[in-house]
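Notes follow once the structure below has been shown.
The values are calculated or read from the model by the stated rules, or taken from the named source; none is laboratory data. Bear in mind the structure is a predicted one, so any value in this text is a computation, not a measurement. Every residue, glycine as well, gets a Cβ built from its backbone with ideal geometry; the counts of neighbours run over all protein chains shown.
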Amino acid sequence: MLQSIMNFFGKTKPSKEVAKDRLKLVLIHDRANVSPQFLEMIKSEIIKVITNYIEIDESELEIQLTRTQSEDGQGIVPALIANIPIKNVKTKTK
Amino acid sequence: MGEVIVITSGKGGVGKTTTTANVGVGLAMRNKKVALVDADIGLRNLDLVLGLENRIVFDLVDVVEGRCKLRNALVKDKRFDGLYLLPAAQTRDKTAVKPEQMIKLCNDLRKEFDFVLIDCPAGIEQGFNNAVVAADRAIVVTTPEVSAVRDADRVIGLLEAKELRNPRLLINRIRNDMVRRGEMMSIEDVKDILAVDIIGIVPDDEKIVISTNRGEPVITDGKSLAGQAYNNIARRILGEDVPLLDLEGHDEGFMLKLKKFLGIKN
């Protein structure tokens, strides 16, 4: 009971949330068999290309490997998902 | 032709053997002819969980090496009509069997039985490869703990690489009181992370320990929650649409403890 009151006031996160967050992170790399450095490399390349055309929020850019249902519905396939918040679309291209 | 189902997990100690024993009994109780194969060579245990440890004469390695006929190695469970065990060898190791031998063995069993359940050893090495090589379907057992879920994810990936599509998940040892407090991942949490369909959930029930002590699978205790859970899983394997067991109100929650303390009977 005390624990739930403490949770209510945001003092500690329920341990299952911690477990989920840690698992999700570790599984991304397990699944893809790629290092975080490799993802960082992809991320910086993507930023380089996109910023030529669009102003983006670089600090909020998220890129992760996950799994998704394949298009033919024949199973789960790995997918690279990028979440890129746009600040402004540049009207003039360089 | 019967169906070969492998029960696997990656991590050890999550309940593969208990699952194999109980689901096997559940299918046999529904008039199916079932062979249980202990593929954990060197660490034989399915016989003990089933209470058949004193009846073993030959084992799996004897069969594949031609020292006895398959039917002579199968131990008939006298309590359940149609249930047979093919024990693992205890004095050999995982390299004693080759994948081709396992395929032949399973094909022979397929002709005689409706279901062949393979109890897979922990790990992802040769023992795992042997256990899954002939399987038509896979059940992945996990518990709501980070290490078990991570290993389950790895195994699911390996199964898919071996063309064993759509493995089903069994979440074992759920403690509903902890889930409610937010201190244990819920069924939904685990399902979301692993992205596979669930074949069943089994609560953490002390009756499992008691029944394993006695060598009597808990599924025979229809009143126990774990027994009901395994019965549901057996029915789902047979294609029935059974809703997941409702664990609410069955756990040692605060209200239950209070009632017990005050001597109120439910």
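Worth pointing out:
- Among the residues of region B:171-188, those identified as more than 9 Å from every other protein chain (Cβ to nearest Cβ) and surrounded by fewer than 23 Cβ atoms within 10 Å (Cβ to Cβ) are B:Arg173, B:Arg175, B:Asn176, B:Asp177, B:Arg180, B:Ile187, B:Glu188.
- Residues (over 25 Å from B:Pro203 (Cβ atoms) and either within 10 Å of chain A (Cβ to nearest Cβ) or out of contact with any helix residue (DSSP H, G or I) (no Cβ under 6 Å at 6 or more places or on another chain) (or both)) located in region B:130-153: B:Ala131, B:Val132, B:Ala135, B:Asp136
- For B:Arg168, the stated conditions do not hold, so it cannot be described as within 14 Å of chain A (Cβ to nearest Cβ) and in contact (Cβ under 8 Å) with a residue 60 or more places away in the chain.
- Taking region B:133-225 and the strands (runs of 3 or more DSSP E) fully enclosed by it, the elements with 3 or more residues that are under 16 Å from B:Cys120 (Cα atoms) are at B:137-142, B:168-174.
- When the criteria are applied in full, A:Lys48 fails the requirement of being away from chain B (no Cβ under 14 Å), more than 27 Å from B:Asp192 (Cβ to Cβ) and modelled with pLDDT under 80.
- With respect to being outside any helix (DSSP H, G or I) and either among the β-branched types (Val, Ile, Thr) or crowded, with 24+ Cβ neighbours inside 10 Å (or both), B:Val6 fits the description.
- Looking across region B:226-266, the residues that are assigned to a helix (DSSP H, G or I) and at pLDDT below 80 come down to B:Phe254, B:Met255, B:Leu256, B:Lys257, B:Leu258, B:Lys259, B:Lys260, B:Phe261, B:Leu262.
- From the list B:Gly66, B:Gly2, B:Gly82, B:Gly10, the one residue that fits, being within 21 Å of B:Gly215 (Cα to Cα) and not β-branched (Val, Ile, Thr), is B:Gly82.
- Candidates B:Gln101, B:Gln90, filtered to the one that is surrounded by fewer than 23 Cβ atoms within 10 Å (Cβ to Cβ), more than 24 Å from B:Gly15 (Cβ to Cβ) and touching a residue at least 24 places away in the same chain (Cβ under 8 Å): B:Gln101
- Residue in region B:189-221 that is surrounded by the most Cβ atoms within 10 Å (Cβ to Cβ), counting only those that are closer than 22 Å to B:Leu159 by Cβ and without any contact (Cβ under 8 Å) to a residue 40 or more places away in the chain: B:Lys191
- Selection status of B:Val155, of a type in the set (A, V, I, L, M) and within 14 Å of B:Ala122 (Cα to Cα): yes
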